[in-house]
Amino acid sequence: MWLINLSLLSFKQIRRHWLRSLLTVAGTACGMFLFMTVETFQDGLKSATEMQAGDDTLVVYRDKRFCPFTSRLPEDYSSKIAKINGVKSVVPVQVIVNNCGTSLDTITFRGFPAGEFQNYFAGKDMDPSLYESWKMASDSAILGKEFAERRGLKAGDRFDAAGITVRVSGILQSDDPQDQNTAFVHLDFLQKSSKRGLGEVTQFNVKVNDHTQLDRVAKEIDQTFRYDREPTHTRPEKAFIANTAKDMIELISFTRWLGLAAVLAVSFLITNTVIIAVRGRVTENAVMQAMGFQMEHLVWMTLAEGLFMGLIGGFSGIAGAYLFLINGNFAISAEGLSIVFNIHLETVLKASVLALAISFVAGIYPAFHSIQGHLVNRLRSH
């Protein structure tokens, strides 16, 4: 019971110096907002580039080419790739982007044969009705959810980008970052619309029977076309993304230091505010101790003061970051590949636990400082 009563008293102490407390809460909120944003960026980077057990997809690209505009492979390579031992399926893919550089608003078209729809989305939870509506017209496009929300598009709408006009046949919800920010169209339609001509594709998506054979199959594919007019470079899908967007990845990786700096700043801010408050009421604490308050009571009051300011500010920052990120539909694209920044429940929980820990730790030194010194000296300190 005494914990509750003393906590209420601590809250009243915070209200006594409302401006100082308000500034501390605001600073804490800004710090946790930055931390949440940085962690979401890191999660998006990890999801897009780190290989996981069971990843079984290879990307066959033109050797020494980077932008989709420069990678041109004969479509008939697919028949040769399919004959390689260990290959489960081969999907020729044409990629067209409106901007090959790093951008926050890149539009990516991916075209593949209608007959390869199931192979392209193999292993993903797909609504069967998407395929039925997509195959009805040659200019149909399935849009990733993030793409559609950012552009304000829905099924039945038409839109034009990069000189290509399509009709939206459905919206795809997928956990794969590359699916969320893409328009999927028919291969022959994209080849004609982009004036690249039939018979040429940007890449091949190859699935293998056994994910442990990725390296062997990749080497065999490259060896097959080593002396052809269009040699290839084959890598696992996640490694392909990591290599293509390496400059962007380095930039996002650096933001982790900003997150760490924000956490330290929040901790120092709360500690500073609480210790100033403690030094301003040395005599008050001494009087309370003389009246019968135990040392643990005074310690808890100081800890509670830090907890209140830290948690109010921390949760405000977390809530603000959540609303900002969930409504922003943020994604960074480079060369037709995307890193999507979707906020996850795990990130919210991590930030909440961190806010609690910082608030508690920040109050430890001021709490013990509040009971230091002889009682008589503290009574005379005023």
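When each of Ile358, Ile326, Ile364, Ile343 is scored by the number of other beta-carbon atoms lying within 10 Å, the sequence from fewest to most is Ile326, Ile364, Ile343, Ile358.
With viscosity set to 0.692 mPa s at 37 °C, what whole-number translational diffusion coefficient in µm²/s follows for the stretch 64-230 from Stokes-Einstein and a Kirkwood radius over Cα pairs? Don't jump to the answer; show the numbers that get you there.
Working: Rh = 16.7 Å.
Answer, rounded: 196 µm²/s.
By the beta-carbon count within 10 Å of each Cβ, the least crowded to most crowded order of His297, His17, fewest first, is His17, His297. When the chain is treated as a Gaussian network with alpha carbon springs shorter than 10 Å, the biggest mean-square fluctuation among Gln294, Gln42, Gln203 belongs to Gln294. Against the main long axis of the alpha-carbon atoms of the chain, helix 246-279 sits at an angle near 10°.
What's log10 of I(q)/I(0) for the stretch 27-105 at q = 0.17, 0.19, 0.22 Å⁻¹, Debye sum over Cα points only, no solvent? Rounded to two decimals, the profile gives -0.94, -1.05, -1.17. Could you check which residue among Ser169, Ser193, Ser140 shows the biggest mean-square fluctuation in a GNM of the chain with a 10 Å Cα cutoff? Among Ser169, Ser193, Ser140, the largest GNM mean-square fluctuation belongs to Ser193.
Between the stretch 173-188 and the stretch 102-166, the C-alpha centres lie 6 angstrom from each other.
Select from Val185, Val353, Val206 the residue whose mean-square fluctuation is largest in a Gaussian network model of the chain (Cα-Cα springs shorter than 10 Å). Of Val185, Val353, Val206, the Gaussian network model singles out Val353 as fluctuating most. Amide H to amide H distances under 5 Å link Thr106 with Ser333, where only residues 5 or more positions off or on other chains count and H is placed in the peptide plane.
Put in line by how crowded their Cβ is, counting other Cβ atoms within 10 Å and starting with the fewest, Phe308, Phe109, Phe324 read Phe324, Phe308, Phe109. On the basis of the beta-carbon distance and an R0 of 35 Å, Thr102 and Glu230 show a calculated FRET efficiency of 0.85. Taking only the alpha carbons of the chain, we obtain Rg and Dmax values of 28.9, 93 Å in that order. Taking the chain, the Cys residues with no second Cys beta-carbon under 4.7 angstrom are Cys30. Cross-linked pairs Lys145/Lys238; Lys64/Lys238; Lys88/Lys195; Lys88/Lys154: Cα-Cα separations exceed 28 Å for Lys88/Lys195; Lys88/Lys154. Normalising the average separation of contacting C-alpha pairs (under 8 angstrom, six or more residues apart) by the number of residues puts the relative contact order of the chain at 31 percent. Treating each Cα of the stretch 67-110 as one equal point scatterer and applying the Debye formula with no solvent, the log10 of I(q)/I(0) at q = 0.22, 0.25, 0.26 Å⁻¹ comes out as -0.79, -0.88, -0.91.
Every number in this text was worked out from the coordinates using simple rules, so none of it is lab data. This structure is a prediction, so every number in the text was calculated from the model and none was measured. Note that we place each Cβ from the backbone using ideal geometry, even for glycine, and neighbour counts take in every protein chain shown.
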